[in-house]
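A.B. asks: Got a structure here, written out as structure tokens. Questions coming.
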Amino acid sequence: MRARGPHLRFSWAWLTEVISTHILDTSLGVTAKEVMVELAKYENNQWQLLGAEKTDSDGRIVFKCAPARGVYRLKFAVEDYFLRNKITPFFVVVPVVFKIEDLDRKYHIPLLLNPFGYSTYRGS
């Protein structure tokens with residue numbers, strides 16, 4: 001895409017913001033802040049760590065990574081989050097494995113979480 005006119009500017013920054021997540025604690029009705037989440041890509045028969053961050057005050061992370069087709073994993077370390085809230089969880093880590101094929105879109109993977117269950121989906 002080529003920008004036209006003196007006032008139009010084009011940014012390629014979105015190309016590095018392909019994968020994002022958001023954690024909602026459905027048992028408390030709040031976002032889950034300060035949860036460590038790892039992003040890895042499956043290559044050469046093993047997981048390659050691409051990044052690890054804690055969710056922000058709104059329970060969100062946008063991973064900065066180059067867009068590439070392949071199989072990815074988000075690994076949510078939820079035990080510490082629940083223990084900080086004085087809740088004994090059943091799940092310690094929640095792995096979510098997904099495939100990226102279309103490089104023309106972003107991939108938002110929300111996690112709906114409670115001490116005894118979770119669900120996820122491909123968001124927009």
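A.B. asks: Taking segment 40-94 as the region of interest, how many residues are touching a strand residue (DSSP E or B) at 6+ places or on another chain (Cβ under 6 Å) and more than 20 Å from residue 29 (Cβ to Cβ)? Let's see the steps before the verdict.
C.D. replies: Within segment 40-94, the subset touching a strand residue (DSSP E or B) at 6+ places or on another chain (Cβ under 6 Å) is 40-42, 47-55, 58-63, 65, 69-78, 93-94.
Narrowing further to those that are more than 20 Å from residue 29 (Cβ to Cβ): 40-42, 47-54, 61-63, 65, 69-75, 77, 93.
Of the residues in that region, 24 qualify.
A.B. asks: Here's another thing I want to ask about it. Check every one of the strands (runs of 3 or more DSSP E) wholly within segment 1-118 and list those with 1 or more residues that are among the aromatic types (Phe, Trp, Tyr), modelled with pLDDT of 95 or more and open to solvent by 70 Å² or more (accessible area, probe 1.4 Å).
C.D. replies: By residue number, 36-43, 46-54.
A.B. asks: When both residues are 6+ apart or on different chains and their Cβ atoms are under 6 Å apart, which pairs have a first residue that lies in segment 96-107 and is over 18 Å from residue 42 (Cβ atoms), and a second that is open to solvent by less than 60 Å² (accessible area, probe 1.4 Å) and acidic (Asp, Glu)?
C.D. replies: Once the first residue is over 18 Å from residue 42 (Cβ atoms) and sits in segment 96-107, no partner that is open to solvent by less than 60 Å² (accessible area, probe 1.4 Å) and acidic (Asp, Glu) comes close enough.
A.B. asks: If you scan segment 101-124, which residues turn out to be of a type outside the set (Ser, Thr, Tyr) and in contact with a strand residue (DSSP E or B) (Cβ under 6 Å, 6 or more places away or on another chain)?
C.D. replies: Here is the first cut: in segment 101-124, the residues of a type outside the set (Ser, Thr, Tyr) are 101-106, 108-117, 122-123.
Matches in segment 101-124: 108, 109, 110, 111, 112, 113, 123.
The values are calculated or read from the model by the stated rules, or taken from the named source; none is laboratory data. This one's a predicted model, so the numbers in the text were calculated from it and none came from an experiment. Here Cβ is always computed from backbone atoms with ideal geometry, including for glycine, and neighbour counts include all displayed protein chains. These area figures cover heavy atoms from the full protein model, side chains too; ligands, DNA and RNA do not enter into them. Shrake-Rupley method; radii C 1.70, N 1.55, O 1.52, S 1.80 Å.
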